[in-house]
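The values are calculated or read from the model by the stated rules, or taken from the named source; none is laboratory data. Quantities reported herein were computed from a predicted structural model and do not represent experimental measurements. Virtual Cβ from ideal backbone geometry, glycine too; neighbours counted across all protein chains shown. Surface accessibility is based on the protein's heavy atoms, side chains included, excluding ligands, DNA and RNA. Shrake-Rupley method; radii C 1.70, N 1.55, O 1.52, S 1.80 Å.
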Amino acid sequence: MVRAIMHGCNGYMGQVITGLIKDDAEIEIVAGIDLADCRDNGYPVYTNIQDCHVEADVIIDFASAKATDGLLAFGVERQIPMVLCTTGLTEEQLQAVDEASKKVAVLKSANMSLGVNMLLKLLKEAANILAPAGFDIEIVEKHHNRKLDAPSGTALALADSINESLENAYEYRFDRSQLHEKRNPKEIGISAVRGGTIVGDHDVIFAGADEVVTFSHTAYSRAIFGKGAIQAAKFLAGKSAGYYQMSHVIDAQS
């Protein structure tokens with residue numbers, strides 16, 4: 001049985017994961033961390049992470065980027081592997097994640113969905129064929145009106161996957177409102193839409209002469225992210241220090 005600490009347990013995704021784990025015989029939540037101790041989750045909840053001394057095999061993080069620094073320090077100090085699902089981290093925090101992974105197992109992913117992570121692989125192959133043929137690349141992402149970061153971490157991950165396959169020769173364009181010039185063929189445009197209750201839509205558009213190829217992923221429920229996070233937690237428990245990704249989880253299951 002994998003023992004997990006749920007960081008951000010009383011947030012929306014924390015509650016989704018709490019519900020999913022109740023029906024999973026392979027993992028249990030032994031403690032939660034959240035600034036708001038507002039409900040009975042069936043496990044102890046700590047408003048200060050340093051007050052948590054419960055023995056655990058892994059931490060699942062779906063919280064605010066503001067809480068990431070304290071989480072990394074706690075995970076390293078207690079030597080508990082961490083599944084980091086929070087998005088919107090600063091460059092300094094991403095560097096801190098990298099440093100932490102040298103001391104404890106860390107799995108960082110902008111999106112825990114199996115479908116999105118398969119899409120990341122497919123885009124590399126598509127980019128290698130279509131970009132040299134002159135196709136322009138655009139990414140449009142849509143999320144609910146409560147999402148704080150824009151563009152989404154998933155959109156950036158999709159762009160990074162494409163750019164890595166193109167030897168990082170492309171720059172990212174987030175805003176064209178002040179531009180009055182022809183589009184740079186060596187750029188990936190990224191646009192963000194915020195509205196309503198959209199769980200998550202991502203379209204990757206390869207626009208060529210007289211034809212357009214579009215890769216799309218639509219999330220109909222946030223439960224897909226929770227299921228992926230749980231699989232990642234089972235995978236990461238017991239792992240030695242290192243930087244892991246969802247691709248490692250997928251490979252382990254194949």
Just to be sure I understand the filter: pairs with C-beta atoms under 6 Å, separated by 6 or more residues or on different chains, first member in the range 13-42 and within 23 Å of Ala67 (Cα to Cα) and touching a residue at least 12 places away in the same chain (Cβ under 8 Å), second member open to solvent by 90 Å² or more (accessible area, probe 1.4 Å) and charged (D, E, K, R). Which pairs pass? none
Among (1) of a type in the set (S, T, N, Q); (2) over 17 Å from Phe62 (Cβ atoms); (3) surrounded by 19 or more Cβ atoms within 10 Å (Cβ to Cβ); (4) at pLDDT below 95, the one test that Ser177 misses: (3)
Neighbours by Cβ (under 8 Å, 6+ apart or cross-chain): first from the range 103-114, touching a residue at least 24 places away in the same chain (Cβ under 8 Å) and farther than 17 Å from Gly226 by Cβ; second open to solvent by 10 Å² or more (accessible area, probe 1.4 Å) and of a type in the set (Val, Ile, Thr): Lys103/Val76; Val104/Val76
Pick out, from the range 56-152, the helices (runs of 4 or more DSSP H) lying fully within it that include 1 or more residues that are under 16 Å from the mean Cα position of the chain (by Cα) and at pLDDT 95 or above. 68-78, 91-100
Please find, within the range 7-36, the residue that is most open to solvent (accessible area, probe 1.4 Å) out of those that are in a loop (DSSP other than H, G, I, E, B) and among the acidic types (Asp, Glu). Asp23
If you take the residues in the range 66-76 that are among the small types (Gly, Ala, Ser) and without any contact (Cβ under 8 Å) to a residue 40 or more places away in the chain, which one is most open to solvent (accessible area, probe 1.4 Å)? Ala73
Residues (within 24 Å of Thr18 (Cα to Cα), open to solvent by less than 30 Å² (accessible area, probe 1.4 Å) and either more than 15 Å from the chain's Cα centre (by Cα) or of a type in the set (S, T, N, Q) (or both)) located in the range 221-254: Leu236, Ala237
Being more than 20 Å from Met112 (Cβ to Cβ) and either part of a helix (DSSP H, G or I) or of a type in the set (Ser, Thr, Tyr) (or both) is true for just one of Ser161, Ser191. Which residue is that? Ser191
Pairs, first open to solvent by 20 Å² or more (accessible area, probe 1.4 Å) in the range 153-169, second of a type in the set (Ser, Thr, Tyr), C-beta under 9 Å, six or more apart: Leu156/Thr87; Leu156/Tyr172; Ala157/Ser109
Would you point out which residue out of Asp69, Asp57, Asp24, Asp37 is closer than 26 Å to Gly200 by Cα and of a type in the set (Asp, Glu)? Asp24
Can Arg39 be described as surrounded by fewer than 20 Cβ atoms within 10 Å (Cβ to Cβ) and either in a helix (DSSP H, G or I) or at pLDDT below 95 (or both)? yes
Answer from Lys227, Lys182, Lys186 - the residue that is touching a Leu at 6+ places or on another chain (Cβ under 8 Å) and basic (Lys, Arg): Lys227
Mind listing whichever residues of the range 196-220 are within 17 Å of the chain's Cα centre (by Cα), without any contact (Cβ under 8 Å) to a residue 24 or more places away in the chain and either surrounded by 17 or more Cβ atoms within 10 Å (Cβ to Cβ) or not in a strand (DSSP E or B) (or both)? Tyr220
Considering each residue of the range 77-110, count those that are β-branched (Val, Ile, Thr), open to solvent by 10 Å² or more (accessible area, probe 1.4 Å) and closer than 19 Å to Tyr12 by Cα, and give that number. 1
Which pairs have Cβ atoms under 7 Å, sit 6 or more apart or on different chains, and link a residue in the range 49-61 that is without any contact (Cβ under 8 Å) to a residue 40 or more places away in the chain to one that is outside any strand (DSSP E or B)? Gln50/Phe74
